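A.B. asks: Structure incoming, see below.
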């Protein structure tokens with residue numbers, strides 16, 4: 001029988017222990033199954049080990065990487081025979097090392113949840129960026145607690161370039177879910193029929209239109225970009241976009257929107273080269289596109305002209 005494994009990650013004081021304790025109060029999660037909790041970090045909050053035993057929750061402590069040794073994990077599996085496993089990870093451990101651990105037969109990681117303390121987020125990003133990025137890129141769900149004073153746009157611009165599929169949730173200081181949707185985080189009004197994308201906002205627009213194409217369907221969009229056209233593209237197709245830094249200077253790549261022109265601009269392609277700066281206006285359609293290997297945003301161009309370069313050549317997501 002498969003044993004689901006839940007990885008709970010985050011730096012110290014991120015709220016991992018509080019999150020796990022709250023989860024263990026949920027009868028739908030605990031039900032009648034036997035749960036094994038592996039604690040890999042000594043935090044400020046503590047677990048009531050004796051009380052948990054009465055709920056069929058066994059707690060073991062493994063505060064160094066040796067605690068995730070395959071032989072030790074097999075011993076735990078034989079001793080406790082869990083129906084599910086929850087692991088409170090040490091936020092300082094390299095995620096690649098954790099994910100490479102050989103687990104007992106049947107153990108399957110079904111979810112990784114990362115907790116972020118909104119009060120210390122900026123400090124960690126500025127001083128320990130590579131470590132926090134490694135945590136974020138493997139997460140299925142990211143919970144930002146103590147978020148009252150945090151800039152959500154900064155959080156989203158940090159997470160989405162490295163992990164577009166992760167769900168981002170916000171909680172207040174008292175643990176309540178914070179209101180507001182992703183539209184509140186956008187620097188432009190998504191409800192407008194025509195949207196002008198500022199130069200600094202192109203990266204955020206790109207992430208959102210790729211993830212939520214349906215809400216842009218039929219919207220007229222204008223933005224400054226660099227010309228790009230692959231020789232394999234149809235004769236009416238190009239991909240205006242920008243070079244963007246995802247997490248570090250060594251990770252810069254081009255991000256573009258597949259676009260179609262009419263015969264009005266048939267002479268535009270022969271007179272322009274890749275990286276020429278242009279200004280594009282067009283209407284987004286959510287449709288199948290060979291370049292995306294599925295559905296995605298296709299811009300039908302209504303205006304196309306030369307432009308001055310953006311002040312910043314590279315798009316930064318933070």
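A.B. asks: Which condition number does residue 194 fail, the rest of (1) exposed (fewer than 13 other Cβ atoms within 10 Å of the Cβ); (2) modelled with pLDDT under 95 being met?
C.D. replies: (2)
A.B. asks: Restricting the search to the stretch 7-33, which residues are in contact (Cβ under 8 Å) with a residue 60 or more places away in the chain and either over 20 Å from the mean Cα position of the chain (by Cα) or not assigned by TED's automatic domain parsing to the domain that holds residue 140 (or both)?
C.D. replies: 12, 13, 17, 18, 20, 22, 23
A.B. asks: Just to be sure before I move on: is residue 312 loosely packed, with under 12 Cβ neighbours inside 10 Å and free of Cβ contacts under 8 Å to residues at least 60 places away in the same chain in the structure I sent?
C.D. replies: For residue 312, the condition - loosely packed, with under 12 Cβ neighbours inside 10 Å and free of Cβ contacts under 8 Å to residues at least 60 places away in the same chain - is not met.
A.B. asks: For the stretch 294-318, give me the residue count where each residue is within 29 Å of the chain's Cα centre (by Cα) and in a strand (DSSP E or B). Give the steps one after another, and end with the answer.
C.D. replies: Of the stretch 294-318, the ones within 29 Å of the chain's Cα centre (by Cα) are 294-300, 310-318.
Subset that is in a strand (DSSP E or B): 294-300, 314-316.
Count: 10.
A.B. asks: Would you check which residues across the stretch 20-40 are within 25 Å of residue 103 (Cα to Cα) and surrounded by fewer than 20 Cβ atoms within 10 Å (Cβ to Cβ) and list them?
C.D. replies: 21, 23, 24, 29, 30, 31, 32, 33, 34
A.B. asks: Out of 115, 136, report the one residue that is touching a helix residue (DSSP H, G or I) at 6+ places or on another chain (Cβ under 7 Å), more than 19 Å from residue 2 (Cβ to Cβ) and modelled with pLDDT of 90 or more.
C.D. replies: Working: 136 fails: modelled with pLDDT of 90 or more.
Step by step, each of 115, 136 is checked, and only 115 is touching a helix residue (DSSP H, G or I) at 6+ places or on another chain (Cβ under 7 Å), more than 19 Å from residue 2 (Cβ to Cβ) and modelled with pLDDT of 90 or more.
A.B. asks: Would you be able to tell me the number of residues in the stretch 90-128 that are assigned to a loop (DSSP other than H, G, I, E, B) and under 19 Å from the mean Cα position of the chain (by Cα)?
C.D. replies: 5
A.B. asks: Which one of the conditions (1) outside the structural domain of residue 91 (by TED's automatic domain parsing); (2) touching a helix residue (DSSP H, G or I) at 6+ places or on another chain (Cβ under 9 Å) does residue 161 fail to meet, given that it meets all the rest?
C.D. replies: Every listed condition holds for residue 161 apart from (1).
A.B. asks: Then there is this: Quick check on residue 134: is it assigned to a helix (DSSP H, G or I), more than 21 Å from residue 17 (Cβ to Cβ) and under 15 Å from the mean Cα position of the chain (by Cα)?
C.D. replies: When the stated conditions are applied, residue 134 passes them.
A.B. asks: Looking at the stretch 42-54, which of the residues that are loosely packed, with under 14 Cβ neighbours inside 10 Å and more than 28 Å from the chain's Cα centre (by Cα) is farthest from residue 94 (Cα to Cα)? Give the steps one after another, and end with the answer.
C.D. replies: Initially, the stretch 42-54 is screened for residues loosely packed, with under 14 Cβ neighbours inside 10 Å, giving 42, 44-46, 48, 50-51, 53-54.
If we keep only those that are more than 28 Å from the chain's Cα centre (by Cα) too, we end up with 46, 48, 50-51, 53-54.
Working: 46: 24, 48: 28, 50: 31, 51: 32, 53: 31, 54: 34 Å.
So the residue we want is 54.
A.B. asks: While we're on this one: Being closer than 17 Å to residue 162 by Cβ and out of contact with any strand residue (DSSP E or B) (no Cβ under 6 Å at 6 or more places or on another chain) is the filter; apply it to the stretch 99-121 and report the residue that is surrounded by the most Cβ atoms within 10 Å (Cβ to Cβ).
C.D. replies: In this case the residue turns out to be 121.
A.B. asks: Being within 30 Å of the chain's Cα centre (by Cα) and in a loop (DSSP other than H, G, I, E, B) is the filter here; which residues of the stretch 62-88 pass it?
C.D. replies: Those that are within 30 Å of the chain's Cα centre (by Cα) and in a loop (DSSP other than H, G, I, E, B): 62, 63, 64, 69, 83.
A.B. asks: Suppose we keep only residues that are surrounded by fewer than 13 Cβ atoms within 10 Å (Cβ to Cβ) and free of Cβ contacts under 8 Å to residues at least 40 places away in the same chain within the stretch 197-238. Which one would you say is nearest to residue 265 (Cα to Cα)?
C.D. replies: Checked the stretch 197-238; the qualifying residue nearest to residue 265 (Cα to Cα) is 235.
The values are calculated or read from the model by the stated rules, or taken from the named source; none is laboratory data. Remember, predicted model here, so these are calculated numbers, not experimental data. Neighbour counts are summed over all protein chains in view; Cβ atoms, including those assigned to glycine, are modelled from backbone coordinates with ideal geometry.
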